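Taken together, the values in this text are just the output of simple stated rules run on the coordinates, not laboratory data. Small disclaimer: the values here were computed from a predicted structure and weren't measured.
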Amino acid sequence: MMSRIGVLAFGALLSVALMGCSQEQSPAPGSMGTKTEVAKSDAPPRATLQLVPGTVDSCEVGATIDPVVSWQRIDPSIRSTRVTTDNPANPEEKLFAKAGFGGSSRAGNWVVAGTRFHVYDDQTGVELVSYTVKTGKNCAN
């Protein structure tokens, strides 16, 4: 009987610990991390997407950044995700990464303002979240 109570107490403690780990964390102060807007609805978000840095801090045409792209599914019914990217010069979406519930990958120094990243449910093809890189400065056209 005593061991059963111990197991239940351990299970409750583990559940509380895991709930704390699953909370979304903000980028460190001063970082350029940017969370995406999820769907424009009252539905709970099904995934997150973050780029660090998330903006191009230059008004030069063609200025690039080399962000770390991180994504994670929130909805437990999603078994696999894929991330695609496109930009104004190449509007056809290309596969960036594919993973189970999420991942993180450095993009490379080719990301310009206007580049978009999309996270999809790999089984259904439904877009879960997307992000468009913008310039961090108020640039006159």
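Please say if segment 27-135 is rounded, prolate or oblate, where rounded means a/c under 1.5 for a ≥ b ≥ c the square roots of the C-alpha gyration tensor eigenvalues, and otherwise the choice is prolate for a/b larger than b/c and oblate otherwise? Intermediate values should be presented prior to the final figure.
Details: a/c = 1.86, a/b = 1.53, b/c = 1.22.
Prolate is the answer for segment 27-135, as a/c is 1.5 or above and a/b outweighs b/c.
So how much slack lies between ASP75 and ASP42, counting 0.36 nm per residue of separation and subtracting their Cα-Cα distance, in nm?
On the way: separation 33, 0.36 × 33 = 11.88 nm, distance 1.49 nm.
So the chain would gain 10.4 nm between ASP75 and ASP42.
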Which ³J(HN,Hα) values, rounded to whole Hz and listed in residue order, are derived for segment 71-82 from phi using the Karplus coefficients 6.51, -1.76 and 1.60 in 6.51 cos²θ - 1.76 cosθ + 1.60 with θ = phi - 60°, glycine and proline given as x?
9, 8, 7, 9, 5, x, 6, 7, 8, 8, 10, 9
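Report the extension gain between THR124 and ASP57 in nm, rounded to one decimal, defined as 0.36 nm multiplied by the number of residues separating them, less their alpha carbon distance. Don't jump to the answer; show the numbers that get you there.
Details: separation 67, 0.36 × 67 = 24.12 nm, distance 3.59 nm.
Gain on stretching THR124 to ASP57: 20.5 nm.
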